[in-house]
Amino acid sequence: MKVKTSVTLSEELLRALSDEVEPRNRSAFIEQASWSYLRTLRRSERDRHELAALDAHADELNREAREVLEYQDDV
């Protein structure tokens with residue numbers, strides 16, 4: 001469902017949008033750009049959480065990796 005809203009944009013941004021899209025397509029363009037940016041933010045947040053989890057277990061993961069490499073070297 002679409003909801004009509006009012007958004008204040010700088011004149012510079014409005015001109016740049018007008019250069020790229022027809023005035024009747026601005027809402028769709030802004031919505032698509034907003035969703036794209038939100039996906040980027042969410043992906044960055046997920047990546048930060050995953051990196052923190054890996055960092056929390058780095059010593060254990062590195063020890064396991066060394067054991068596997070030592071085992072392969074012995075075979």
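General remarks:
- Under the span-like rule (Cα at least 15 Å along the axis, Kyte-Doolittle mean at least -1.0), DSSP H helices of the chain: 26-56
- Inter-label distance for E70 and D55, nm, one decimal - labels placed 7 Å from Cα along Cα-to-Cβ: 2.8 nm
- Nearest-10 value in Å² for the accessible area of H57, using the 1.4 Å probe: 100 Å²
- Dipole magnitude of the chain, debye to nearest 20 (Cβ charges: Lys/Arg +1, Asp/Glu -1, about Cα centre): 960 debye
- Segment 12-75 - percent of accessible surface contributed by carbon and sulfur, probe 1.4 Å: 53 percent
- Under the combined filter of DSSP loop state and at most 12 neighbouring Cβ atoms within 10 Å, the chain retains these trypsin sites (Lys or Arg not before Pro): K2, K4.
- Note that the chain shows a convex hull volume over its alpha carbon atoms of 206 Å³ per residue.
- Taking all protein chains together and a 1.4 Å probe, the residues V68, V7 rank V7, V68 from largest to smallest accessible area.
- The accessible-area ordering, largest first, of the residues S36, S6 stands as S6, S36, per a 1.4 angstrom probe.
- Most positive-pole-ward Cα, L9, L38, H49, against dipole of the chain from beta carbon charges: L9
- With all protein chains kept in place, the per residue accessible area of segment 35-75 amounts to 97 square angstrom at a probe of 1.4 angstrom.
The values are calculated or read from the model by the stated rules, or taken from the named source; none is laboratory data. Only a predicted model underlies this, so the values are computations on that prediction, with no experimental measurement involved. When we count neighbours, we look across all protein chains shown, and the Cβ atoms used for this are built from the backbone with ideal geometry, even at glycine. We work out accessible area using only protein heavy atoms, side chains counted, and drop any ligands, DNA or RNA first. Shrake-Rupley method; radii C 1.70, N 1.55, O 1.52, S 1.80 Å.
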